[in-house]
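What follows draws every value from the coordinates through simple rules; no lab data is involved. Here the structure is a predicted model, which means the values were calculated and not measured. All Cβ positions, even for glycine, are placed from backbone atoms using ideal geometry, and neighbour counts span all protein chains on display.
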Amino acid sequence: MQTAKQLSVTLVNKPGRLAALLAALNKEKVNLRAFAVMDSGERGTLRFVPDDFPAAREVLEKVNLRFEASDVLLVEVHLNIGYAYCSFNSGGGAKGGVLAVIKVNDLAKAQRVLSENGTTARRTRPGRRPVHAR
């Protein structure tokens, strides 16, 4: 597990805006380690983890885009993830933590890998798989 800097940028939701930003990052040889775009009508939010935070910050300043920087965790899990999302609160777990909901193609392997990485992966009924699982 490692930490990294994530940048969040709000873009006007018009054709070419995202492409222009990605071209500017590419021109300065800034690669993206992770990337997500969320649409919210007239604007979209781009979150990304650059391989070179100072260079990415310079690009954003050069193209006059406001941004927020956050420290994030990067966890390598070696799983085929179909989709993932987080809960607001686990409702009674240790320290009221957040739950990650992850759809994987091999539930047993995911539980094994996450347990090896120090993440607890609890089933709702110990020893039983959910009815919908294969």
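Numerical summary
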| item | result |
| --- | --- |
| Share of alpha-carbon pairs per 5 Å distance bin for the range 2-74, given as whole % | 3, 16, 30, 27, 15, 6, 1 |
| Reachable aspartates and glutamates from Lys109, criterion Cα separation under 18 angstrom, eight or more residues apart if same chain | Glu76 |
| Taking Ile102, Ile81 and counting other C-beta atoms within 10 Å, the order from fewest to most | Ile81, Ile102 |
| Table column - 3J(HN,Hα) (Hz), the range 69-79, Karplus curve with 6.51, -1.76, 1.60, x for Gly and Pro | 10, 9, 7, 10, 9, 10, 10, 7, 10, 6, 10 |
